[in-house]
Amino acid sequence: MPDKEFILFCDESDRHGRYYSNFYGGVMVGSSHYQRITNRLNDKKADLNLYQEVKWEKVTEQYLEKYRELICTFFEEVARGNLRVRVMFRQNAHLPKGLSHEQVDWEYYLLYYQFVKHAFGLEHASESIRLRLYFDQFPDTAEKSEQFKGFLLGLTKAKNGQAINIKKEDITEVSSRDHVLLQCLDVV
């Protein structure tokens with residue numbers, strides 16, 4: 001039976017790279033698969049003696065093979081259709097032009113909103129689903145974060161018979177060290 005509730009873990013890297021910037025990533029899991037996959041990945045981490053938070057920044061030659069094994073386990077779940085992963089980024093060759101001061105100031109949240117709205121095909125859900133959104137901690141003011149959450153609640157408006165159900169308490173900031181799916185997403 002297909003899930004009617006999904007958890008979307010989101011992480012971003014707003015770094016400005018040489019060719020690409022503004023990386024936004026997400027991994028979506030059906031609630032019926034969440035605990036099993038979390039246990040599997042945590043068990044794999046323990047088997048590999050990876051007791052700390054895994055992050056791309058921690059990949060060294062010494063740990064490369066361990067990280068590769070963990071991410072292979074993660075991608076096995078993707079291949080089985082139990083996880084959906086999406087990444088959005090901006091190519092630096094295409095610079096935004098004519099943006100207002102407000103748009104520049106809200107860039108982080110505007111891009112995040114578009115990522116959540118479009119990357120997982122939520123607008124094409126054929127029936128009502130519940131969505132929980134877990135974001136790695138926001139780097140901005142609490143006021144901006146609350147306004148952003150309000151915009152996300154706007155996704156709940158039914159369109160063409162489809163409905164995404166998001167409750168305010170289901171949009172939350174989490175620490176990646178507490179969520180192995182968010183850690184694997186960071187490495188990806």
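What part of the accessible area of segment 32-188, given as a whole %, is carbon or sulfur when the probe is 1.4 angstrom? Working shown, then result.
Details: 4690 of 9410 Å².
Heavy-atom surface of segment 32-188 belonging to carbon and sulfur, 1.4 Å probe: 50 percent.
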Taking the alpha-carbon centre of each part, the distance from segment 81-151 to segment 13-80 in Å is 21
With a 1.4 Å probe and every protein chain left in place, tell me how much accessible area Phe23 has, in Å² to the nearest 10.
70
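For segment 114-184, what's the relative contact order in percent, using C-alpha pairs closer than 8 Å and at least 6 residues apart?
42
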Here segment 19-28 yields Karplus 3J(HN,Hα) values (6.51, -1.76, 1.60; θ = phi - 60°; whole Hz; Gly and Pro given as x) of 10, 9, 8, 6, 7, 10, x, x, 10, 10
Quick one: which residues, 5 or more positions from Phe135 or on another chain, have an amide H under 5 Å from its amide H? H modelled 1.01 Å from N in the peptide plane, none for Pro or chain starts.
Cys10, Thr172, Glu173, Val174
Calc'd 3J(HN,Hα), segment 125-137, phi into Karplus 6.51 cos²θ - 1.76 cosθ + 1.60 (θ = phi - 60°), Hz, glycine/Pro = x, comes to 4, 7, 8, 5, 10, 9, 10, 10, 10, 10, 9, 4, 3
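Could you put Trp56, Trp106 in order of accessible surface area, largest first, with the 1.4 Å probe and the full protein assembly present?
Details: Trp56 145, Trp106 35 Å².
Highest to lowest solvent-accessible surface, that is Trp56, Trp106.
So in the chain, what percent of DSSP beta bridges are antiparallel if you round to the nearest 5? If you can, show how the numbers build up before the last one.
Details: 18 of 30 bridges.
Of the beta bridges lying entirely in the chain, close to 60 percent run antiparallel.
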Expected vector for segment 145-151, Karplus 3J(HN,Hα) from phi with 6.51, -1.76, 1.60 and θ = phi - 60°, integer Hz, x for Gly and Pro, equals 4, 5, 5, 4, 4, x, 5
Based on the alpha-carbon gyration tensor of segment 100-184 and its eigenvalue square roots a ≥ b ≥ c, which shape applies: rounded if a/c is under 1.5, prolate if not and a/b is larger than b/c, or oblate?
oblate
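For segment 41-188, what is the accessible area per residue in Å² when the probe is 1.4 Å?
60
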At R0 = 25 Å the Cβ-Cβ FRET efficiency linking Gln52 and Thr172, nearest 0.05, sits at 0.60
Along Cα→Cβ, 7 Å out, is where each label goes; now give me the distance between the ones at Phe151 and Lys97 in nm to one decimal.
2.4
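The values are calculated or read from the model by the stated rules, or taken from the named source; none is laboratory data. Just so it is clear, the model here is predicted, and its values are computed rather than measured. Virtual Cβ from ideal backbone geometry, glycine too; neighbours counted across all protein chains shown. Keep in mind that these areas ignore ligands, DNA and RNA; they rest on the heavy atoms of the full protein, side chains included. Shrake-Rupley method; radii C 1.70, N 1.55, O 1.52, S 1.80 Å.
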